[in-house]
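Structure record follows, encoded as C-alpha cells.
The values are calculated or read from the model by the stated rules, or taken from the named source; none is laboratory data. All figures in this text were calculated on a predicted structure; none of them were measured in a lab. Cβ coordinates were reconstructed from backbone atoms using ideal geometry, including for glycine residues, and neighbour counts include every protein chain displayed.
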Amino acid sequence: MNEQKEKAYISYRHVYKAFGTQGVCRDFNLDIMKGETISIIGPSGCGKTVTIKMLIGLLDIDQGQIWFDGVDVASFSKDESFLPVRKRVSMVFQWAALFDSMTVFDNIAYPLREQFKLSPSELKDRVQEKLELVGLPQAGSKMPSELSGGMKKRIGLARAIATDPEVILYDEPTTGLDPINTVRITDLIIALQERLKCTSIVVIHDIPSAIRLSNRAAFMYDGKIKAVGTMDALINNKDSFVRGFLAGDPTLADF
C-alpha cells in the first residue's frame with residue numbers, strides 16, 4: 001500500500017503574472033513542504049523574485065492560485081488581507097532595505113512594534129537576541145551608513161527573524177558579497193534554519209551556496225519551473241540547458 005503523499009505547505013498553481021504585455025510567470029507551478037529549504041534558481045529576469053513577492057502581496061497575482069497553509073492568498077481583495085500572512089512570513093530583501101534614518105536597533109524593532117505589544121524591556125531583549133543570532137551584538141546603536149555590505153545583510157536577516165516567522169523568503173542573500181561574507185551569510189541561513197525550524201524559500205544565483213543550504217531546488221526559466229529536485233539531481237539533469245546553467249557552461253545554456 002502506498003503512503004499518502006505529504007501535503008504541500010505552500011503551493012503555486014497555474015500562476016500567471018505580467019507587467020504590461022510581458023508575461024513573467026506563465027503557468028508557474030511549485031509545491032513547497034513545511035520545514036524545508038528550497039532554492040529557486042534560473043537566469044536573471046526570469047521572474048524568481050516575483051514569485052516570492054506575490055506570496056506576501058507585494059505584487060498582485062493576475063491568474064492562478066497560491067495556497068499558504070490551506071488558504072488561497074490569490075483570493076485576497078485588499079492589501080490588508082495579507083496582514084495575517086505577513087505576520088507569519090518574513091522577507092530578506094536583496095539589498096537589505098534598511099531604513100537609513102533609523103538605528104540598527106529601530107530597524108529590527110520596527111516589525112515588532114507594528115505587530116506586537118511589547119514592553120520596552122521585552123522589545124530590547126528581543127532585538128538583542130536577534131542581534132546575537134546574526135553575530136552583531138554590539139551593532140544596535142549604529143546607523144545603516146556605518147555598516148558594511150555584509151553587516152547590512154545580517155541586520156536585514158535579524159529584522160526578518162525578529163517576529164519568529166514560520167516562513168523566511170530570501171531574495172539573493174549573497175549578491176554583492178565577497179567570498180568570505182558569502183560563506184558567512186550561507187552559514188547563517190543554515191544555522192537559523194536548524195534553530196528556528198522554519199520554511200525557507202531562497203531566490204539565488206550563487207550555485208555553491210545553493211548546494212550547501214538547499215534540501216531541494218527549483219529551476220525556473222521562461223516563466224515556468226523546468227526542473228525540481230535535489231541540487232545533485234539538477235546538476236545531473238537530463239536537460240542540457242539545466243545542466244549547462246548550473247555548470248556555467250554557455251555552450252549548453254545559451255539564452
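Descriptive notes on the structure:
- For segment 54-72, the count of residues that are assigned to a helix (DSSP H, G or I), more than 17 Å from the chain's Cα centre (by Cα), farther than 17 Å from Ala160 by Cβ and of a type in the set (Gly, Ala, Ser) is zero.
- The criterion of being charged (D, E, K, R) and either crowded, with 21+ Cβ neighbours inside 10 Å or closer than 26 Å to Phe219 by Cβ (or both) does not hold for Asp79.
- Sole exception among (1) more than 14 Å from Ile10 (Cα to Cα); (2) among the acidic types (Asp, Glu); (3) surrounded by 14 or more Cβ atoms within 10 Å (Cβ to Cβ) for Glu114, by number: (3)
- Odd one out for Asn107 among (1) of a type outside the set (Phe, Trp, Tyr); (2) within 21 Å of Leu196 (Cβ to Cβ); (3) in contact with a Gly (Cβ under 7 Å, 6 or more places away or on another chain): (3)
- When Gly150 is tested against (1) at pLDDT 90 or above; (2) closer than 16 Å to Gln94 by Cβ, only condition (1) is not met.
- Annotation: Glu132 fulfils all but one of (1) part of a helix (DSSP H, G or I); (2) more than 24 Å from Asp206 (Cβ to Cβ); (3) under 20 Å from the mean Cα position of the chain (by Cα); (4) among the acidic types (Asp, Glu); the unmet one is (3).
- Which listed residue is more than 18 Å from Arg159 (Cβ to Cβ), of a type in the set (Ser, Thr, Tyr) and either touching a residue at least 40 places away in the same chain (Cβ under 8 Å) or outside any loop (DSSP other than H, G, I, E, B) (or both), from Ser77, Ser39: Ser39
- Whichever residue in segment 92-120 is under 19 Å from the mean Cα position of the chain (by Cα) and in a loop (DSSP other than H, G, I, E, B) and, among such residues, is farthest from Leu169 (Cα to Cα): Leu98
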